[in-house]
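First comes the structure, then the notes that go with it.
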Amino acid sequence: MTTSRIPGFYNLPLDERLDKLAEAAGVARADIIALQTAHGLMDEQADHMVENAVGTFALPLGIGLNFIVNGREVLVPMAIEEPSVVAGASFMAKLARSGGGFTASMSAPEMIGQMQVLDIKDLMAASLRLYEHKAELLAEADAVDPLLKKFGGGARDLEVRIIEESPIGAFLVLHLIYDVRDAMGANAVNTACEKLGAHVEELTGGRVHLKILSNLADRRLAKVQCTIPVKELAFGEGDPAGHPYSGEQVRDGIIEAWAFAAADLYRAATHNKGIMNGVDAVVIATGNDWRAIEAGAHAYAARDGRYTSLSTWSRDTQGNLTGELEMPMAVGIIGGATKVHPAAIAALKLMGVQTAAELAGIIVSVGLAQNLAALRALATEGIQRGHMSLHARQVAIAAGAVGDQIEQVAAQMVAEKTVRIDLAERIMKSLQ
Ligand code: MEV
């Protein structure tokens, strides 16, 4: 990768953008051609992926520019239908560059498999027996995936939990901790849990009911931090066209906006949704399971019994704005759609990621950038202004505009500061 800064990218025709990308990423055009729909997932491939396939469902794929993650320039593919997300993330990544970019870290890639053990007479005695036989249970689980083991993964630990109260009374839960290396890990963990079931029944005298991965991957956390120099936050200060926000004002406005999410459930849901706009876009573009990431994120946000913001924003000792995001990040770069979907393969190639941890670090960086974009807009001019022109184009298309009409109808709606389908239809009629 040479650079993730590509000035003028927005103005290039789609095909030329691909050339620029290949050049900036230092990859062959052929390696990333699958990012174009015509070379992406084919119907025949889709037919092997799901049942009753009739086709594929496309989403726009944009490139998050300007990202530096752990000192490395990275071009980030983002699959998303919502206007402003790619632009917002790219702009915030540009601000973060001047503070050194994003610094990300990952815990070990350990997933949790759960076994629900019912019909146990003495829960304490059963727990003890499981701990006594921990080594042999782990050895058994370890043997399930020789490939993972070869790459340094495998069963790591067992934890016993007693659920004291439930609609069916008390029962025991056994957690299998499994290092899944560069895989998402659901298959390995589910297989291992199913394999252990009989042995656990024998040891506890109980009945192993559910055997399944937990999506609250709170041992597989990705953390990212960025610092935005306060002067970078100024919003056209001194500009005669008049954007009256100083860097200090924007910084404090962002911290106040974050405080709202930190304290209030209704706001926290929307705040975290903004983070997931960035996170999901990369998770989807790389063929990963975004439902798993969503489930993990929101459960993690409520880990202390109260749902709250996944990120934090504050001012550092120099008065700069600093942000942090920590969340579970169960993504893989081997197996599943990441190795089957041509666009996902191209997306990973474009980013040049070698490990799942590296991918996780990029994803949380985009999440934090996206959070910043939303808070900066909300704390200043509001969200609608930035949304307006792309949203207007979508509404124009929905009203039946084609070709040049799309720009004409959208521009007229923006000029009238009203973006509505009935207005778009009226403008269409006046053009005809
Ligand atoms: C819209 O998709 C996301 C936002 O609502 C996030 C937020 O409010 O922080 C703008």
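The values are calculated or read from the model by the stated rules, or taken from the named source; none is laboratory data. Keep in mind that this is a model prediction, so the values were computed, not measured. Reconstructed Cβ throughout: ideal geometry from the backbone, glycine too, with neighbour counts over all protein chains shown. Just so you know, the surface numbers come from the protein's heavy atoms only, side chains and all, with ligands and any DNA or RNA stripped out. Shrake-Rupley method; radii C 1.70, N 1.55, O 1.52, S 1.80 Å.
Points worth noting:
- Residues that are open to solvent by 50 Å² or more (accessible area, probe 1.4 Å) and closer than 25 Å to LYS195 by Cα, drawn from the range 163-175: ALA170
- Residue count for the range 1-16, restricted to those that are in contact with an Asp or Glu (Cβ under 6 Å, 6 or more places away or on another chain) and over 16 Å from SER90 (Cα atoms): 1
- So ALA192, is it closer than 27 Å to ILE293 by Cα, open to solvent by less than 70 Å² (accessible area, probe 1.4 Å), part of a helix (DSSP H, G or I) and within 16 Å of the ligand (Cβ to nearest atom): no
- Of all residues in the range 280-318, those that are within 16 Å of the ligand (Cβ to nearest atom), within 29 Å of THR338 (Cβ to Cβ) and more than 10 Å from the chain's Cα centre (by Cα) total 4.
- Residues that are free of Cβ contacts under 8 Å to residues at least 24 places away in the same chain and of a type in the set (Asp, Glu), drawn from the range 286-322: GLU294, ASP304
- Scanning the range 136-172 for residues that are within 19 Å of VAL117 (Cα to Cα) and not in a strand (DSSP E or B) yields GLU136, LEU137, LEU138, GLU140, ALA141, GLU164, GLU165, SER166, PRO167, ILE168, GLY169, ALA170.
- Going through (1) within 16 Å of the ligand (Cβ to nearest atom); (2) more than 20 Å from the chain's Cα centre (by Cα); (3) assigned to a helix (DSSP H, G or I) one by one, ALA411 falls short only on (1).
- If the condition is being within 20 Å of SER105 (Cα to Cα) and either outside any loop (DSSP other than H, G, I, E, B) or of a type in the set (A, V, I, L, M, F, W, C) (or both), then the range 299-320 contributes TYR300, ALA301, LEU310, SER311, THR312, TRP313, SER314.
- Against the test of being near the ligand (Cβ under 10 Å from one of its atoms), assigned to a helix (DSSP H, G or I), open to solvent by 20 Å² or more (accessible area, probe 1.4 Å) and not basic (Lys, Arg), the options ASN277, ASN272 yield a single qualifying residue, ASN277.
- Which listed residue is surrounded by fewer than 19 Cβ atoms within 10 Å (Cβ to Cβ), in contact (Cβ under 8 Å) with a residue 24 or more places away in the chain and under 23 Å from ALA295 (Cα atoms), from GLY361, GLY336: GLY336
- Residue that is modelled with the lowest pLDDT [pool: residues in the range 133-162 that are open to solvent by 40 Å² or more (accessible area, probe 1.4 Å) and of a type in the set (Gly, Ala, Ser)]: ALA143
- Scope the range 349-386; condition assigned to a helix (DSSP H, G or I), farther than 26 Å from HIS298 by Cβ and away from the ligand (no atom under 13 Å from the Cβ); matching residues: LYS349, LEU350
- Subset of the range 87-108 [open to solvent by 20 Å² or more (accessible area, probe 1.4 Å) and either free of Cβ contacts under 8 Å to residues at least 24 places away in the same chain or closer than 15 Å to PRO7 by Cα (or both)]: ALA87, PHE91, LYS94, ARG97
- Any hit, the range 218-230, residues being in a helix (DSSP H, G or I) and modelled with pLDDT of 95 or more: yes
- Conditions (1) at pLDDT 95 or above; (2) under 18 Å from the mean Cα position of the chain (by Cα); (3) of a type in the set (Asp, Glu); number of the one not met by GLU82: (1)
- Some residue of the range 234-255 being away from the ligand (no atom under 16 Å from the Cβ), of a type in the set (A, V, I, L, M), open to solvent by 10 Å² or more (accessible area, probe 1.4 Å) and in a loop (DSSP other than H, G, I, E, B): yes
- Odd one out for ASP179, checked against (1) touching a Lys or Arg at 6+ places or on another chain (Cβ under 6 Å); (2) charged (D, E, K, R); (3) within 19 Å of ARG129 (Cα to Cα): (3)
This table checks each residue for (1) open to solvent by less than 70 Å² (accessible area, probe 1.4 Å); (2) under 27 Å from ALA261 (Cα atoms); (3) among the polar types (S, T, N, Q).
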residue: ASN371; (1), (2), (3): yes, yes, yes
residue: ARG376; (1), (2), (3): yes, yes, no
residue: GLY382; (1), (2), (3): yes, yes, no
residue: SER389; (1), (2), (3): yes, no, yes
residue: ILE397; (1), (2), (3): no, no, no
residue: GLY400; (1), (2), (3): yes, no, no
residue: GLU425; (1), (2), (3): no, no, no
residue: SER430; (1), (2), (3): no, no, yes
